[in-house]
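The values are calculated or read from the model by the stated rules, or taken from the named source; none is laboratory data. Note that the coordinates shown come from a computational prediction; the quantities given were computed from them, not determined experimentally. Cβ: placed from backbone, ideal geometry, glycine included. Neighbour counts: every protein chain shown.
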């Protein structure tokens, strides 16, 4: 019998396991054969750790953004930087406030997390493919496809969303929430490229700094200045990734389901690019026929890139369903942390900070019981 069973060996699950009291018997169940697979892929961009400059209202999306203030007061971006550096790993700050490992090697941080988790008494079990979870007499029973059963007094769901399905994230956490009657905000794709009606393949590979503005009809939904990339199917780059979350939140508020999104995009959503003198290269000026009197172009959104290409999932478990240590208000001893929550950040380390912080707060909460 375990005191704590954590499902999912990503950033949130790892940090929860090393933050919980050492005297409690803990186990992490992971269906992949190797540890931290998504963690490493999440850090392909020179190994993000967090962001040096976080403004919750500007950098996160979800029904309850104010929750980030409380979360960061318990474990902030600066706390994460201190934790990493106290364990001998040097960080530095790059563009957009991204805090990265100076070594650029995500394995350095992954090895540290695994080492501290096991040092804290956590058992690890990989290749554990879950077929069923049930709760009987206040005990959670997690069934594996090999016939084995893991029992625990507390169950923590840290399985991520449904993006990056190639590393095993398949919406499992949402299924568990629905099983136990916990409300969720319908998941939507985040941090992925946009597909435009217009053919932009002639500019594919061109990277520029410019201003992107996203509209529903005449209503401005989002705008940001920063790095941008033309692709053979449309638009990409950090400011596009962030705009995708913004349009996902907008459609959520309108009550538009995923099956209706493409039609809505085609009829209503436009993207305006405003070029500055530096971004108006000869190639761009020629392609769009820009000059000193014209520095803007407008595109029509056709679709978003696939779930496989989305780096995060928007929506998820409603924070109103959970306590301040992320325990379900309906089902005692059932917790949800990390990306499975309805709390999604922009690209640049914000989602990892959410994972560290929710894992930390949840884990430390067991010491307060």
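Things worth noting here:
- Of the residues making up region 122-133, those that are assigned to a strand (DSSP E or B) and either more than 27 Å from the chain's Cα centre (by Cα) or touching a residue at least 24 places away in the same chain (Cβ under 8 Å) (or both) number 6.
- Filtered by the rule that a residue be surrounded by 17 or more Cβ atoms within 10 Å (Cβ to Cβ) and either farther than 14 Å from residue 310 by Cα or in the same structural domain as residue 61 (by TED's automatic domain parsing) (or both), region 228-238 gives 228, 229, 230, 231, 233, 234.
- Sole residue being in the same structural domain as residue 16 (by TED's automatic domain parsing), assigned to a strand (DSSP E or B) and surrounded by 20 or more Cβ atoms within 10 Å (Cβ to Cβ), chosen from 84, 150: 150
- Every test in (1) under 20 Å from residue 336 (Cβ atoms); (2) at pLDDT below 95; (3) touching a helix residue (DSSP H, G or I) at 6+ places or on another chain (Cβ under 8 Å) is passed by residue 138 save one, and that test is (3).
- Residue in region 258-276 that is at pLDDT 95 or above and within 21 Å of residue 68 (Cα to Cα) present: no
- Restricting region 311-330 to residues that are under 18 Å from residue 8 (Cβ atoms) and assigned to a loop (DSSP other than H, G, I, E, B) leaves a set whose member that is modelled with the lowest pLDDT is 311.
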